[in-house]
Structure formats: C-alpha cells, structure tokens
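Here's the structure we're looking at; comments come further down.
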Amino acid sequence: IIDRALAEIKNADLAVLEDIKTRYLGKNGVLTQILKSLLQYSIEDKRIIGLETNGAKDIIVSEIEKRKKSLKKVLLDEKMHKEKLDYSPSFYFPFSKGSFHPVVQTIKNISSVFKLLGFSIVEGPEIETDWYNFEALNIPESHPSRDAQDTFYIEGMKNLLRTHTSPVQIHVMEKQNPPVKVIVPGRVYRNEASDASHSSTFHQIEGFEVDENISFVDLKAVLINFIHQFFGSELGVRFRPSHFQFTEPSAEVDIQCFFCNCGGCRICKNSGWIEVLGCGMVHPDVLKTVNYDSEKYTGYAFGMGVERITMLKYGIDDIRLLYENDLRFLKQF
Ligand code: PHE
C-alpha cells in the first residue's frame, strides 16, 4: 500500500493529492477500512496490524505534505517570476522640481525687504485668547470692530483663532524691552463667506517698531521705502486717515494703480489708487498694557494682507486660485 501511495504522490498535482488523501486516509479510505476491520482479529494481530497501518498512515501523510510544499514553492516561484516588479523609471528625466507657493514667495520677498530695513522676523500662536486678540489691543468687548473681525471661537468664548497678527505685538513687547523692531508673518482666520476677494483663512504681515523718538515720519519712511522696493520705485504712495483701536493716529496706505495709470480700471475701481495696508502710531494704552513707559517710548505699527499683495503684484483676480493648488496655476510662479 505504501509503495503504491508513494508512487502516486510522486507526480501528483495539488488536486490529485487531495484525491489520494481521500482514497487512502478518508472515511472510506484503504487504511481506514483496515483499521475498521481490526475487530475481527486477535489482540496480538490487532496490535501488529494497527501499528503497521498507523505507521503507513504517518508515512503517507508526511509524503503528501512534502509534495504539497514543493508544489506550492514551484507555483510561488513561477508567480514571482511572472509578476516580477518593474523597477525601470516610468517618467523621464529631468523631472520638474517643486517650488514655493506664491503666498510663501510673497512672504519671503516682503520679509527680505524689511530685513534690509533692520527688522527681525518673529512668529506667534494662531490660537489666541480673547485678551491678546482684542482686550490688550484696546478693543473692548462691546466694540463694533469685533463684529467686523467675525471671529472663530473655540472652547466657548475663551480661546479663538486669531483674526489678525496684531496680538503678536503684545507677545513681543511682553517678552522684550524697547527697542523692538520686528515683522510678523502668519496665518489669520475670519468667520466669513469666501468669494473672489475673501477667504476665511489668509495671511498677514505685521510690523512694528518701538523706541525713543519714533514718530509718524519713521512710519512713512519705512513704508514708502518698502513699497518702492517691492512694487516699484516710481510708484505714488498716499496715507489716508483711518481708524484702528490700537493705533492713534491711524492711516490706510494706498499706492498708485499700476494696472491703468489713468484712474480707469476695475482693480482701483476707477479711483487710480489701491489700498495696500493699515498702520498708525501704537496707542499709548497698548504700551501701558505691556508696562512700557508711554512717556518715554513711542512706536508705529502696520499690517498687510499677503494674499491681497500677491494678487496685486501678479494681477490675480480671484483669491480662491491661491488655495486650489492647481499645478497649471502654481507653475506660473
Ligand atoms: N490688524 C489690522 C487689521 O487686521 C491691521 C493693522 C495692523 C492696523 C497694525 C494698524 C496697525 O486690519
């Protein structure tokens, strides 16, 4: 029986192996039949036949397993050979390098101009308390400008996503005594619907200097210098009176429209001027809040929207283009 089984096993495939198993070891298999017939034999014969049969069973089982294993290995090898991974490149050299997003490029360009003007760069947290974002900047709870900055509150009313980079003024002045001269690029958030010129997430660059004898002239000099370096040296600049709670006096800065030159286009709304930033002299109350001697020190501050400036610089007419990450758009910068 063993010889016959082994001969069959030798050339069997997986299906035949199953068949052999059934025929020899199954419920009605040859060896099972023998074991079932043991009843009719004497105790001594039972022992001998039983031993022989179980021995045969063991041999057949192990030979079947061996054959199975080697069959499986052959199949696997075949499969591995057929499905060999193709490591050859499916793209062509030279492939294009990544590049900075236009908003990041603008932040870098603006920062490098201000670095030359003696400013250092700092950053602050995007999650703020009500105190840093509003109170310390002289914006009391009931003040309407809080509505204008539609705020994303988190964890009740205590924490919020900063609506501007101005709270970093407070952080810096808390940590450092005058003179301070820093710019602060960063992301800010406002709870408002997005359209071609608004986004609930955007970027600002804050700048401020506090020292002895700082006047509005210093503010004008720094901003005009920046605008001429960034937008063009011939450009007209005008300071228009405005209002911010944390600066006094306050102004908004316009640049001559370089899209039309004659006051006749959509971008400047036919006025010939484009607003680029807000600024003013740091309010004495703000200086007092951070325990600066407001008799001894004065300062100026300004803040600009990075997306807005990027759009002006490159003539982009929809802010949403800056967030879609469409490579056809991004590759132009
Ligand atoms: N924080 C102001 C805003 O977001 C801009 C600003 C900054 C104005 C600093 C004056 C001084 O609109």
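Scanning the stretch 117-162 for residues that are among the β-branched types (Val, Ile, Thr) and either away from the ligand (no atom under 14 Å from the Cβ) or at pLDDT 95 or above (or both) yields 121, 122, 127, 129, 154. Is at least one residue of the stretch 241-256 more than 16 Å from the ligand (Cβ to nearest atom) and either over 28 Å from residue 295 (Cβ atoms) or under 34 Å from the mean Cα position of the chain (by Cα) (or both)? Yes, the stretch 241-256 has at least one match. Scanning the stretch 240-254 for residues that are not aromatic (Phe, Trp, Tyr) and not in a strand (DSSP E or B) turns up just one, 245. Somewhere in the stretch 189-207, is a residue at positive phi and of a type outside the set (Lys, Arg)? No: zero hits.
Would you check which residues across the stretch 317-333 are in contact with a Pro (Cβ under 8 Å, 6 or more places away or on another chain) and modelled with pLDDT under 95 and list them? Talk me through it step by step, then tell me what you get.
Step one: filter the stretch 317-333 for residues in contact with a Pro (Cβ under 8 Å, 6 or more places away or on another chain), giving 322, 330, 333.
Those that are in contact with a Pro (Cβ under 8 Å, 6 or more places away or on another chain) and modelled with pLDDT under 95: 330, 333.
Would you pick out the residues in the stretch 207-239 that are within 16 Å of the ligand (Cβ to nearest atom) and in a loop (DSSP other than H, G, I, E, B)? 214, 215, listed by residue number. Being of a type in the set (Phe, Trp, Tyr) and within 27 Å of residue 140 (Cα to Cα) holds for only one residue in 216, 230, and it is 216.
Conditions tested, residue by residue: (1) without any contact (Cβ under 8 Å) to a residue 12 or more places away in the chain; (2) in contact with a Leu (Cβ under 6 Å, 6 or more places away or on another chain).
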residue: 57; (1), (2): no, yes
residue: 60; (1), (2): no, no
residue: 76; (1), (2): yes, no
residue: 97; (1), (2): yes, no
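Selection within the stretch 296-318: residues that are part of a helix (DSSP H, G or I) and more than 16 Å from the ligand (Cβ to nearest atom). The member of this set that is farthest from residue 175 (Cα to Cα) is 314.
Can you find a residue in the stretch 264-284 that is near the ligand (Cβ under 10 Å from one of its atoms), more than 18 Å from residue 205 (Cβ to Cβ) and not in a loop (DSSP other than H, G, I, E, B)?
Within the stretch 264-284, one or more residues are near the ligand (Cβ under 10 Å from one of its atoms), more than 18 Å from residue 205 (Cβ to Cβ) and not in a loop (DSSP other than H, G, I, E, B).
Of the residues making up the stretch 17-41, those that are modelled with pLDDT of 90 or more, surrounded by fewer than 15 Cβ atoms within 10 Å (Cβ to Cβ) and either of a type in the set (Ser, Thr, Tyr) or touching a strand residue (DSSP E or B) at 6+ places or on another chain (Cβ under 8 Å) (or both) number 1. When we screen 285, 326, 293 for residues that are under 24 Å from residue 170 (Cβ atoms) and without any contact (Cβ under 8 Å) to a residue 60 or more places away in the chain, the only hit is 293.
Within the group 320, 308, which residue is surrounded by fewer than 19 Cβ atoms within 10 Å (Cβ to Cβ) and within 25 Å of the chain's Cα centre (by Cα)? After applying the criteria, what remains is 320.
Residues that are surrounded by fewer than 21 Cβ atoms within 10 Å (Cβ to Cβ) and in contact (Cβ under 8 Å) with a residue 60 or more places away in the chain within the stretch 237-278 comprise just one, 245.
Anything in the stretch 182-193 that is in contact with a Phe, Trp or Tyr (Cβ under 9 Å, 6 or more places away or on another chain) and part of a loop (DSSP other than H, G, I, E, B)? List them, or say none. I'd like the intermediate steps shown before the answer.
From the stretch 182-193, those in contact with a Phe, Trp or Tyr (Cβ under 9 Å, 6 or more places away or on another chain) are 182-184, 187-191; that's our starting set.
Once the filter is applied, which keeps residues that are in contact with a Phe, Trp or Tyr (Cβ under 9 Å, 6 or more places away or on another chain) and part of a loop (DSSP other than H, G, I, E, B), the stretch 182-193 yields 190, 191.
The values are calculated or read from the model by the stated rules, or taken from the named source; none is laboratory data. All figures in this text were calculated on a predicted structure; none of them were measured in a lab. Glycine gets a Cβ as well: all are built from the backbone with ideal geometry, and neighbour counts include every protein chain shown.
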